[in-house]
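To start, the structure itself, in C-alpha cells.
Derivation of every value follows stated rules applied to the coordinates shown; laboratory data play no part. As the structure is a computational prediction, the values presented were derived from the model and not from experiment. All Cβ positions, glycine included, derive from the backbone under ideal geometry; neighbour counts span all protein chains shown.
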Amino acid sequence: MKAAVYRDHSKDPRQVVKIEDIDIPKPKSNGVLIKVEAASYNYNDLWGIWGEPIKIPMPHISGSDAAGTVVEVGDNVTTNIKVGDRVVVHPNLTCRICNQCIGGQEYNCRSRMVWGFQTGPLWGAFAQYTHMPEVNVVKIPDNVSFNDAAAISMVGMTSWHMLVTRADIQPGQTVLIMGGGSGMGIAGIQIAKLYNCNVIATAGNKEKMDKCLQLGADFVVNHRESDWHNKVRQITNKQGVDVVYEHIGKSVFQQELTLLRMGGTLVSTGATTGYDSTIDLRYLFFKGVNLLGATQGTKAGLEEVIRWVSKGKIKPVIDTILPFSRMVEGHIKMADSQLFGKILTTPQKL
C-alpha cells in the first residue's frame with residue numbers, strides 16, 4: 001500500500017515526508033482493518049514532523065483523523081463492527097480498564113495516546129489502509145460522507161469535550177471562541193450555538209470573520225488587532241464572557257483571562273503560538289475563575305458529534321482536498337494558516 005512516511009525531522013515537510021510502498025497491516029485479534037477513504041490534518045501532524053514538543057516513534061505515519069470502510073476484522077472482535085461498515089476513527093487510545101476509563105473519563109487515562117501522533121512506528125491515518133482496536137471505531141450514517149466524517153472527528157470530539165464535558169456550557173451564556181476560522185474554531189462555534197449560547201468569535205482577517213458570522217457567530221473581532229480584547233469587552237458591555245474557548249496560547253492567553261466575568265471559565269486544548277504563557281494571578285483568585293485543560297475526548301462525545309452532523313446541525317467545513325500524491329502540500333498550507341476549515345487528503349486517489 002501507499003503511505004506518507006517520514007524517517008527524520010525537519011521544519012520543511014517537503015524534505016522528509018515521502019510517499020512509500022509498505023506492507024498492508026494486519027488487524028490484531030480485537031481490531032479491524034480500514035481502507036482509508038479520507039484523512040484530515042491537525043496541528044499535531046506538524047509537531048510530529050518538526051520533532052517537537054515530544055518524541056515520537058520512527059519511522060512515522062502521521063494523521064489522527066481517518067474515515068473509511070472496514071475490510072477485515074480480527075478473530076476476537078465482539079462488537080457489531082463487520083466487514084463493509086463505514087466508520088470513522090476515535091483517535092484517543094487508552095487502556096479501557098483503569099478507574100478513569102471505566103468511569104467514563106478515558107481522556108484522563110495515564111496510558112492515553114493520540115493515535116497518529118504518539119503511536120507507531122508506521123501507524124497513522126495518512127495511508128491507504130490502517131488498523132484500529134474495535135473499540136476505537138464509530139459507525140457513520142449513510143448520509144455522512146467519508147470527507148465530512150474525517151473533517152469533523154478530531155476537532156468535533158475535542159470541541160465537544162471542551163465545551164460540553166469540561167466547561168459545562170449552558171443556554172444563554174456568552175462564549176468566546178478563539179480562532180474561529182480554524183477547524184477547532186469552526187466546530188466550537190457550532191457546538192456553542194447548538195446549546196443556544198451567545199457566541200463571540202475571533203478570526204485573523206475580514207474573509208474569515210465574515211465566514212464565522214455565516215456559521216452562526218453573533219459577533220466577531222479580529223484577534224490580530226492589538227485592541228481585540230477591548231472590542232470583546234465592549235461587546236459584553238464590560239461584563240465579560242462566561243467561557244473562553246482557547247487553543248492559541250501565549251500570544252493571547254493573558255488578554256483572554258482578563259475577559260472572564262466573575263466565576264467564568266477558560267478551557268484550553270492547545271498552544272499554537274507558544275506554551276510558556278504567564279498569568280496575572282489576581283485575575284485568578286479575585287474573580288474566582290476556573291482554568292481547565294482538555295485533550296481529546298470520549299468515544300461517546302464523538303458519537304454525539306457524528307449524530308448532530310447527520311442531522312445537519314453541525315456542518316463540517318472543508319478548505320482543501322488533496323490527492324495523496326500532493327498530500328505534503330497540506331502540511332505547508334496548515335503551517336501558513338491560510339485556510340478556513342479542514343484540509344483533507346484522499347489516500348485512494350493518487
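The table for this structure:
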quantity: Residue among PHE253, TYR41, LEU302 farthest towards the positive dipole end of the chain, charges placed on Cβ; calculated: PHE253
quantity: P(r) histogram, all alpha-carbon pairs of the chain included - 10 Å bins from 0, percent; calculated: 6, 26, 34, 24, 9, 2, 0
quantity: Fewest-first sequence of LYS231, LYS26 by Cβ atoms within 10 Å of each Cβ; calculated: LYS26, LYS231
quantity: Over segment 29-122 - Rg/Rh using Cα atoms and the Kirkwood inverse-distance radius; calculated: 0.99
quantity: Distance between modelled label sites at LEU292 and GLN348, nm, 7 Å Cα→Cβ extension; calculated: 3.9 nm
quantity: Residues whose placed amide H lies under 5 Å from that of ASN198, excluding near-sequence neighbours; calculated: GLY172, GLN173, THR174, VAL175
quantity: Relative contact order (%) - criterion: Cα under 8 Å, at least six apart; region: the chain; calculated: 18 percent
quantity: Extension gain, ASN222 back to THR79 (0.36 nm per residue minus Cα-Cα distance, nm); calculated: 46.8 nm
quantity: Ordering of 166-172, 272-278 by burial proxy (mean other Cβ atoms within 10 Å per residue, highest first); calculated: 166-172, 272-278
quantity: Inter-label distance, nm, simple model (7 Å from Cα along the C-beta direction), ARG282/GLU207; calculated: 4.2 nm
quantity: Calculated SAXS-style log₁₀ I(q)/I(0) at q = 0.15, 0.17, 0.22 Å⁻¹ - segment 41-187, Debye, Cα scatterers; calculated: -0.89, -1.13, -1.54
quantity: Helix 206-215 vs. the chain, principal-axis angle (Cα, 0 to 90°, nearest 10); calculated: 80 degrees
quantity: Beta bridges by DSSP in the chain, antiparallel share as percent, to the nearest 5; calculated: 55 percent
quantity: Rounded to 10°, Cα long-axis angle of helix 146-160 versus longest principal axis of the chain; calculated: 40 degrees
quantity: Inter-centroid distance (Cα atoms) of segment 76-147 relative to segment 10-74, Å; calculated: 13 Å
quantity: Order of MET157, MET1 - criterion: other Cβ atoms within 10 Å of each residue's Cβ, fewest first; calculated: MET1, MET157
quantity: At 0.890 mPa s and 25 °C, Stokes diffusion of segment 255-331 via Kirkwood alpha-carbon radius, µm² per second; calculated: 149 µm²/s
quantity: Relative packing of 239-249, 107-117, which averages over residues the other C-beta atoms within 10 Å, highest first; calculated: 239-249, 107-117
quantity: Cα gyration tensor shape for segment 208-350, rounded if a/c is under 1.5, else prolate or oblate; calculated: prolate
quantity: DSSP-loop chymotrypsin sites (Phe, Trp or Tyr not before Pro) across segment 130-235, with at most 13 other Cβ within 10 angstrom; calculated: none
quantity: Rel. contact order, % - alpha carbon contacts under 8 angstrom, at least six apart, segment 157-293; calculated: 21 percent
quantity: Residue-by-residue Karplus 3J(HN,Hα) for segment 42-48, coefficients 6.51, -1.76, 1.60, Hz, glycine and proline x; calculated: 9, 5, 5, 5, 5, 4, x
quantity: Segment 226-267 shape via C-alpha gyration tensor axes, a/c threshold 1.5; calculated: oblate
quantity: Full-stretch length increase - THR69, TYR195 - with 0.36 nm per residue and alpha-carbon distance subtracted; calculated: 42.1 nm
